[in-house]
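A short reminder: the numbers here are calculations on the coordinates, not readings from a lab. This one's a predicted model, so the numbers in the text were calculated from it and none came from an experiment. All Cβ positions, even for glycine, are placed from backbone atoms using ideal geometry, and neighbour counts span all protein chains on display.
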Amino acid sequence: MMKVLIAEDDFRIAAIHESYIQKVQGFQVAGKAKSAKDIWAALQKEQVDLILLDVYMPDELGTNLLPLLRERYPEVDVIIITAATETTLLREALQYGVVHYLIKPVTAQKFEQVLTEYKQKKDIINSKDEVNQTLIDLFFGQMQDEPKEKDDKDLPTGINSLTLDKVKTLMASENSGVTAEEIGEKMGASRTTARRYVEYLVTTGECRAELAYGIIGRPERKYYPAKKQAES
């Protein structure tokens, strides 16, 4: 479970971000900080994996905290969430290794996408003893718009034949169904990318989709090989 510190001086925005986090699997709020002083206090008391950091804190610019954060808590990642649009702030944030930079207001969909992809990348890199170029490209987010090969000309935009073959192979063994998030973890890609491929397979008749109703929460879309039946 990833522990998140919300560093935001506006309690209304902090509450919105907290509600977003509660809807993203694998994350929980470790605390809230209204100032730079609160951030340091929280880091001393709580285990924190990720800080959602506003730039305009009442006692210090968030970007000014980055050098000390890297020095004192190098294992803690930072995502900047700010209304600031100055290029200089972005450049400074990148120099100190922030993992993403979001401009307010952030939609729930964008928030979920960024956190989900962040966790997937962390899980992948933490599970490997060695890296290859494919893994590095994935970690640096270069697989969202995959280049088309010559034999991809008949495929829709965003569908790569090599990745499609990999998804087909993975789906062939999913007798009891799989969600887009689960197939994304298996193929080493984001849920958004995985959903794009399995939905394409649904349109071609090679997969089918059904809504799975759990005890709590909204129904979940699960995917099955076309010739397999869902278990009762």
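Of all DSSP beta bridges in the chain, what percent run antiparallel (nearest 5)? Here the antiparallel bridges make up roughly 35 percent for the chain.
With R₀ set to 22 Å, the beta-carbon distance separating ALA209 from GLN22 gives a calculated FRET efficiency near 0.25.
Between LYS37 and ASN64, the modelled label-to-label distance comes to 1.4 nm, taking each label 7 Å out from Cα in the direction of the beta carbon. The relative contact order of the chain comes to 12 percent, based on Cα pairs under 8 Å that sit 6 or more residues apart. Along its principal axes, segment 2-125 has C-alpha extents of 32, 28, 27 angstrom, given from the largest down. With everything on Cα atoms, drop me the angle between helix 62-72 and the longest principal axis of the chain, reported from 0 to 90° to the nearest 10. Helix 62-72 sits roughly 80 degrees off the main axis of the chain. The label-point distance for SER173 and GLU130, in a model that sets each label 7 Å from Cα toward Cβ, rounds to 2.2 nm.
Cα convex hull, the chain: 156 Å³ per residue, rounded to a whole number.
Computed over segment 150-225, the quotient of the alpha carbon radius of gyration and 2.2 N^0.38 Å is 1.10. Computed from Cα atoms, the angle from the helix 191-204 axis to the main principal axis of the chain rounds to 20 degrees. In segment 2-125, the DSSP beta bridges split such that about 5 percent are antiparallel, to the nearest 5. Label reach from GLN113 (point 7 Å along Cα→C-beta): in segment 3-17, amide nitrogens under 20 Å belong to 17.
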